[in-house]
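The values are calculated or read from the model by the stated rules, or taken from the named source; none is laboratory data. Quick caveat: nothing in here was measured; it's all calculated off a predicted structure. Because the Cβ atoms are built from the backbone with ideal geometry, glycine has one as well, and the counts that use them run over all protein chains shown.
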Amino acid sequence: MTLTTLALNTASLTESVALLKDGFCVAEKSWRGNSDESELLLPAITSVLQEAESSFSGLDRILVVEGPGPFSAVRIGVTVAMTLSFSLNIPIVSIETPALWAARLPQSPEKQLFLMHAGRRYVAHAIAEGASEESLILPVAELIEKLTAEYGKGQRIELYGDLLPEVEAHLIELLPNSWRWRTQKELLSFGTTLSGLPERLIKAHEGPIVEPRYLRPPNITPAKNV
């Protein structure tokens, strides 16, 4: 029996939807997010299903990237995933953003550090949940200074992730000579990554409930007394 999985990622600047059958990606769509998940996510899902000549009734499970990531984007992606899981009465599983991106990177003997957009000109060195290290969220120059102090300028380091073009360009200018930034073109696509993803990286959940993880708490303006 074929296992058909609909996978959603709104936890990165590059957002994606993919359809997998027995672990192989059969359709995929990616776009650059711009706080428009509520407008683009459902049409992207429909487009991927049509491309694969599939339907919602043919799905066996939902996979969602739980974060960490931007508050609104992650919240919308996880909410859509849970809604589909509940309405279709199928299981939901999840994966953390750092684990997904690490799987997108070709194997290398060098130390590899994952960076992601954290709002405006801030960059996050995001760490998987439960790791001994802590995630850092700093302006790009301060982050590179802190990472350089920790790992040393002479060590060979590969950095990768999803940043705004102007932030990525600034980061590359700041890197020590022995450090290298891996461009998006060097990484596997979302669907291809999921095709080879070890099951140990995928989290199962009781019922259609996934706890989203955010890089920052939401900015909620207190109500004013009238």
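List of remarks:
- Verdict on G154 being of a type outside the set (F, W, Y) and surrounded by 15 or more Cβ atoms within 10 Å (Cβ to Cβ): no
- Test: residue in the range 98-107 that is without any contact (Cβ under 8 Å) to a residue 40 or more places away in the chain and over 11 Å from the mean Cα position of the chain (by Cα): yes
- Checked against (1) at pLDDT below 95; (2) in a strand (DSSP E or B), K29 meets all criteria but (1).
- Inclusion of G67 among residues that are within 19 Å of the chain's Cα centre (by Cα), in contact (Cβ under 8 Å) with a residue 60 or more places away in the chain, at positive phi and not assigned by TED's automatic domain parsing to the domain that holds A124 is warranted.
- Of the helices (runs of 4 or more DSSP H) lying entirely inside the range 104-210, those containing at least 3 residues that are in the same structural domain as D22 (by TED's automatic domain parsing) span 190-195.
- Only residues that are part of a helix (DSSP H, G or I) and surrounded by fewer than 21 Cβ atoms within 10 Å (Cβ to Cβ) were counted in the range 57-75, giving 5.
- Whichever residue in the range 119-130 is out of contact with any Phe, Trp or Tyr (no Cβ under 9 Å at 6 or more places or on another chain), at pLDDT below 90 and over 13 Å from R213 (Cβ atoms) and, among such residues, is surrounded by the fewest Cβ atoms within 10 Å (Cβ to Cβ): R120
- Of all residues in the range 1-22, those that are part of a loop (DSSP other than H, G, I, E, B) and farther than 17 Å from V65 by Cβ total 4.
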